[in-house]
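A short worksheet on the structure shown next.
Where a number appears in this text, it was derived from the coordinates with a stated rule and is not lab data. Here the structure is a predicted model, which is why all the values come from computation and not from measurement. Using ideal geometry, Cβ is built from the backbone for each residue, glycine included, and neighbour counts are taken over all protein chains shown.
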Amino acid sequence: MSDRLQKKVAVITGAASGIGEGMVRRFCAEGAQVILADVDEANGSRIAAECGADFALLDVSSADSWQLLEKKIRDDEGRLDILVNNAGVVTGLDITAVTVDAWQQLMSINLLGMMLGCQTAISLMRDNPGGSGGSIINTASSTSYLAIPDVAYTTSKAGVVGLTKSVAVHCANEGFNIRCNSIHPGATLTNILKTAIEQAPEVEEACNKMSPLNRMGTVEEVAAMAVFLASDEASFCTAGQYAVEGGTVSQHPKM
Ligand SMILES: NC(=O)c1ccc[n+]([C@@H]2O[C@H](COP(=O)([O-])OP(=O)(O)OC[C@H]3O[C@@H](n4cnc5c(N)ncnc54)[C@H](O)[C@@H]3O)[C@@H](O)[C@H]2O)c1
């Protein structure tokens with residue numbers, strides 16, 4: 001690796017598994033000082049120890065939890081350069097089945113959690129010792145553009161686009177030098193999909209066919225996009241939507 005993130009302090013949420021774990025491993029390899037933030041202490045601590053990151057217990061849906069993390073970063077690091085708002089969950093419930101509780105629980109993680117993350121990051125990044133600056137990356141999905149039956153998930157991932165653009169434009173207008181972008185993975189082989197494939201093997205073929213490349217993405221491919229957006233090479237990239245989905249949203253369904 002090439003030390004593209006050397007001397008940068010990064011928080012990655014939802015990083016005890018899947019795409020977030022892949023980002024932690026790659027960000028560490030690129031020289032960043034990484035704080036892996038997750039509700040899953042057992043896996044989070046293990047992965048952090050394996051790659052030289054720190055673990056922080058964080059429930060993204062809790063404002064109190066973010067406040068504790070902000071204090072820890074101020075005390076321990078004195079700066080924040082990168083936040084990846086990556087934690088996300090699914091309900092598996094369509095519009096006829098979704099309940100108020102299920103809807104609110106998903107939104108509290110996938111959208112409220114992301115908004116709280118942006119607020120916390122801006123507060124820290126504005127106080128960076130060398131001057132205000134940083135990069136916020138929000139994990140959206142190809143589902144921001146193409147619906148699936150999980151109505152809360154689809155709505156939340158469309159919402160991430162609006163949140164990201166609003167944050168980016170505000171930070172630019174205020175001269176904060178804080179960029180904010182969303183990344184849009186397609187079907188990526190993480191635990192969520194592995195479990196679904198174990199239960200119904202035909203899911204694997206269906207996921208492969210989503211992309212004209214006829215395969216799913218890997219966590220490493222998503223992490224590579226995050227490294228670019230986190231790095232100084234992306235200095236003119238803000239309010240953007242960055243696809244890592246093998247062309248999934250660009251083709252009609254197969255005939
Ligand atoms: N896997 C895919 O095909 C795919 C495709 C597009 C987008 N995404 C998005 O990528 C992100 C990561 O997905 P993944 O597939 O790696 O999922 P995953 O289930 O492997 O990992 C999700 C992580 O989020 C953590 N988490 C859950 N609730 C949390 C909370 N309240 N606070 C902090 N952490 C919490 C979990 O403990 C877990 O470590 C999600 O936002 C998801 O919507 C995934």
Under 18 Å Cα-Cα from Lys71, which aspartates and glutamates qualify once same-chain neighbours fewer than 8 residues away are excluded?
Asp38, Asp54, Asp59, Asp81, Asp127
If the viscosity is 0.692 mPa s and the temperature 37 °C, what Stokes-Einstein diffusion coefficient in µm²/s follows for the range 1-122 when Rh is the Kirkwood radius over Cα pairs?
222 µm²/s
Long-range amide H partners of Gly134, meaning residues 5 or more apart or on another chain whose placed amide H is closer than 5 Å, are Ile178, Arg179
Which percent of Cα-Cα pairs in the chain sits in each 5 Å bin, short to long?
1, 6, 14, 18, 21, 17, 12, 6, 3, 1, 0, 0
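Using alpha carbons only, what's the Rg to Rh ratio of the range 133-243 with Rh from Kirkwood?
Rg/Rh: 1.04.
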Cβ-based net charge around Glu220, under 13 Å, with every Lys or Arg adding one and every Asp or Glu removing one
-1
Convert each backbone phi in the range 98-106 into a coupling constant with the Karplus relation 6.51 cos²θ - 1.76 cosθ + 1.60 (shift: θ = phi - 60°), then list the ³J(HN,Hα) values in order as whole Hz, x for Gly and Pro.
5, 9, 4, 4, 5, 4, 5, 5, 5
Under the Karplus relation with 6.51, -1.76 and 1.60 and θ = phi - 60°, whole-Hz ³J(HN,Hα) for the range 14-19, x at Gly and Pro, equal x, 10, 8, 6, x, 4
Which whole-angstrom value gives the distance between the alpha carbon centres of the range 188-255 and the range 94-150?
18 Å
Residue by residue through the range 149-165, which ³J(HN,Hα) values in whole Hz follow from phi under the Karplus form 6.51 cos²θ - 1.76 cosθ + 1.60 (θ = phi - 60°), with glycine and proline marked x?
x, 4, 5, 5, 4, 4, 5, 5, 6, 5, x, 4, 5, x, 4, 4, 5
